[in-house]
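The values are calculated or read from the model by the stated rules, or taken from the named source; none is laboratory data. Values in this document were obtained by computation on a predicted structure and should not be read as measured data. Neighbour counts run over all protein chains shown; Cβ positions are idealised from the backbone, glycine included. Side chains included, ligands, DNA and RNA excluded: accessible areas come from the protein's heavy atoms. Shrake-Rupley method; radii C 1.70, N 1.55, O 1.52, S 1.80 Å.
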Amino acid sequence: MDVANQLVAQGQFRILKVPLGFIKVLEWFFAIFAFSTCGSYSGIFRMAVECKNRTESSLSIEVEFEYPFRLHQVYFDAPTCKGGNQDRLFLVGDYSSSAEFFVTIGVFAFLYSTAALSIYIFFFEKYKENNKGPLIDLGVTGVFAFMWLVSSAAWAKGLSDVKTATDPDKVTTMIPACGVKENLCREVHDPVMSGLNTSVAFGFINLILWAGNLWFVFKETGIIAPFMRAPPPQAKPAPDAYVQQGAYEQDPYASNQGGYQPNYNQQGYNQDAEYGQGYGQQGAPTSFSNQM
């Protein structure tokens, strides 16, 4: 418990809030959804064969199938409408390759996402050391993105074939008794394919997540850093200078002086000089010695 507590205390869980870690969490969840919805599937459909002789009819023929969809191994018994005998018939097709490939990619994606999250949280500094971690992560992420594309497309085609092979209307054509006009063959219950449809959707969602995560892993490699230029420094705007009449240049020391600063302008000084000259010309005493 002490070791676990130390690891939790040293863990950098903030990485889960940035796109690199958050998308990896989504990949972890959707990988589970993808392989679980496909790998745990089992379906059943029912058919009815009504013979001319009602006592030989079979109104509930159940056919069960499941992952990995080796349908050629799935069989059922159908009446021949001839003396109460029955024929053992097999479905057609083997779609295990695409299904198993899809589930395998999902399982390995889940395991890699678990390992990557552990490294992000507990060993992120070593992960970025010498850029080896991001480069390996980038390569593996690219491989998984491509594998999700291939496996999802293959499983989508395989699922379409599975739906065709398990369609009760198609299966009834394989029953010899259904080719006789006096007999009536019909479907009773279709297989529920919603889980398999969801698995294909999860596969393509994983493709989007892994392909989109390539950019965020690529930024961690630092390869793009030499090609990114810093924005040029912005020149500070020059202070406005006013040279019009009545304007003055602010005393640089005025901001450091407190109190009121009077606004003396050139025009005011000229008026005082003119007033002084006029006062002297009118005979006003300019000094104490002249009055004596």
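Summary of values
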| item | result |
| --- | --- |
| Among 116-126, 132-142, the order from most to least packed when residues are scored by Cβ within 10 Å on average | 132-142, 116-126 |
| Accessible area of T104 in the full protein assembly, 1.4 Å probe (Å², nearest 10) | 60 |
| Portion, in percent, of the accessible area of the stretch 168-223 that falls on carbon or sulfur, probe 1.4 Å | 64 |
| Average accessible surface area per residue within the stretch 72-217, 1.4 Å rolling probe, Å² | 51 |
| Order by protection proxy (mean Cβ within 10 Å, highest first), peptides 83-91, 155-163, 68-76 | 155-163, 68-76, 83-91 |
| Spacing of the two label points (7 Å from each Cα toward its C-beta) at V18 and S40, in nm | 3.5 |
| Spherically averaged projected area of the stretch 1-143 from its Cα convex hull (nm²) | 13.5 |
| Cα coordinate range in the stretch 125-203, projected on the principal axes (Å, largest first) | 79, 17, 12 |
| FRET efficiency estimate (nearest 0.05) - Cβ-Cβ, E62 to S118, R0 35 angstrom | 0.15 |
